[in-house]
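Notes for the one structure printed next.
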Amino acid sequence: MTFITGRALHYVFKIPDRKQTALFYREILGMKVLRHEEFADGCEAACNGPYANRWSKTMVGYGPEANHFVVELTYNYGVKSYELGNDFRGITIRSSEVLQRAKSKNWPILPGNVLEAPGGYKFHIIDSPQPTDRDPVEKVTLSSSNLSKSVDYWNGILGLTIYNKTDKSVLLGFKDNEAKLELENIGGPVERAKAYGRIAFACPFDQQPAISKTIDEHKQPILTPLISLDTPGKATVRVIILADPDGHEICFVDEEGFSQLSEVDPEGDKLLNRYIEKDKS
């Protein structure tokens with residue numbers, strides 16, 4: 001087992017409608033825009049999917065990326081829809097306030113207090129006061145076609161701790177006080193389709209080669225070998241992109257570079273608004 005001092009960072013969505021998506025995250029979920037970045041060409045690590053076009057990245061969450069699990073919204077200019085698979089089950093947030101905002105703004109609340117973001121991504125809302133001493137985001141749930149294989153990979157190879165396990169699901173993470181990854185057995189194949197996402201973790205720079213070596217030794221796929229990625233005007237980070245037995249994409253980014261890259265930009269909200277208004281694609 002590889003010893004990784006990891007930290008859960010974010011989940012990546014491809015979004016077809018940037019304006020409606022921004023409304024949902026800001027006015028319904030109550031998240032803040034932490035930073036917004038524009039790119040002229042596709043990402044070398046396919047951060048925006050297999051698209052070699054202009055795209056943007058918007059990080060949203062309940063607090064700084066240094067101590068909150070956030071959402072990365074990737075927008076490909078000119079792409080207006082993505083086919084949903086069955087790979088993403090939902091993100092769970094503890095917040096009665098979210099439900100109150102949804103009711104006041106007539107946003108549909110589905111059975112079980114589920115909200116659906118533009119693009120079809122589901123958020124499971126726990127109806128209790130939003131905590132102020134910790135992150136309201138509790139877990140990301142992804143599908144598993146074989147729970148035993150999933151546990152062997154995430155716990156046995158990557159070394160995430162098992163926090164809870166049943167016949168149907170397993171809850172894993174690196175730290176007690178952060179959002180967890182839940183894998184849920186769906187009893188059949190996992191189809192990622194075009195809207196597939198990616199979960200990201202940070203780890204120390206000098207641990208990344210060990211991750212690469214361990215994955216190679218276990219003959220598991222590496223989608224993008226260690227590579228440095230640039231963001232205009234910001235810090236460079238090194239990443240390695242993996243895939244678990246069901247093809248879920250996993251990014252390990254170096255903590256040192258990411259801590260600089262992910263600093264909250266006080267102009268992020270204005271930048272997002274400006275590019276939404278300028279978008280003629």
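Straightening the chain between Lys80 and Phe3 buys 23.6 nm, computed as 0.36 nm per residue apart minus the Cα-Cα spacing. Residues Ile109, Ile125, ranked from the fewest to the most other C-beta atoms within 10 Å, line up as Ile109, Ile125. Taking one quarter of the surface of the convex hull spanned by the alpha-carbon atoms of the stretch 4-137 gives a direction-averaged projected area of 9.1 nm². Restricting the stretch 1-101 to trypsin sites (Lys or Arg not before Pro) that sit in a DSSP loop and have at most 11 other Cβ atoms within 10 Å of their own Cβ leaves Lys80.
If you take the alpha carbon radius of gyration of the chain and divide it by 2.2 N^0.38 Å, what ratio comes out, to two decimals?
The reported ratio for this selection is 0.95.
Taking label points 7 Å from Cα along the Cα-to-Cβ direction, Glu191 and Ile109 give a separation of 3.2 nm.
How high is the relative contact order of the chain? Use alpha-carbon pairs under 8 Å, at least six apart in sequence, and give a whole percent. Dividing the mean separation by the residue count of the chain yields 23 percent.
So what's the net charge close to Val190: Lys and Arg +1, Asp and Glu -1, counting the other residues with Cβ under 13 Å from its Cβ? That works out to -3.
For the stretch 62-135 versus the stretch 183-249, the spacing of their alpha-carbon centroids is 23 Å. Do any trypsin sites (Lys or Arg not before Pro) in the stretch 168-267 lie in a DSSP loop with no more than 10 other beta carbon atoms within 10 Å, and if so, which? For trypsin sites (Lys or Arg not before Pro) across the stretch 168-267 that sit outside H, G, I, E and B with at most 10 neighbouring Cβ atoms in 10 Å, the list reads Lys219.
Per-residue extension of 0.36 nm, minus the Cα-Cα distance of Thr236 and Ser169, leaves a gain of 20.5 nm for this segment. For the chain, a simple Cβ point-charge model (Lys and Arg +1, Asp and Glu -1, everything else neutral) yields a dipole of about 760 debye relative to the Cα centre.
The ellipsoid equivalent to the alpha-carbon distribution of the stretch 136-281 has semi-axes of 29, 20, 16 angstrom, derived from the gyration tensor eigenvalues as √(5λ) and listed largest first.
How big is D for the stretch 204-281, in µm² s⁻¹ as a whole number, if Stokes-Einstein is applied with the Kirkwood radius of its Cα pairs at 37 °C and 0.692 mPa s?
D = 224 µm²/s.
Among beta bridges identified by DSSP and lying wholly in the chain, the antiparallel ones come to about 70 percent. In what order do Thr21, Thr214 fall by count of nearby beta-carbon atoms within 10 Å, going from fewest to most? Lowest to highest Cβ neighbour count: Thr214, Thr21. For a 29 Å ceiling on Cα separation, which of these pairs sit above it: Lys103/Lys270; Lys32/Lys105; Lys57/Lys105; Lys14/Lys105; Lys180/Lys270; Lys168/Lys213? From the list (Lys103/Lys270; Lys32/Lys105; Lys57/Lys105; Lys14/Lys105; Lys180/Lys270; Lys168/Lys213), the Cα-Cα distance tops 29 Å for Lys180/Lys270; Lys168/Lys213.
The numbers here are math on the coordinates, done by the rules we state, and not lab data. These numbers come from a predicted model, not from an experiment. Methodologically, a virtual Cβ is constructed for each residue, glycine included, from the backbone with ideal geometry; neighbour enumeration extends over all protein chains shown.
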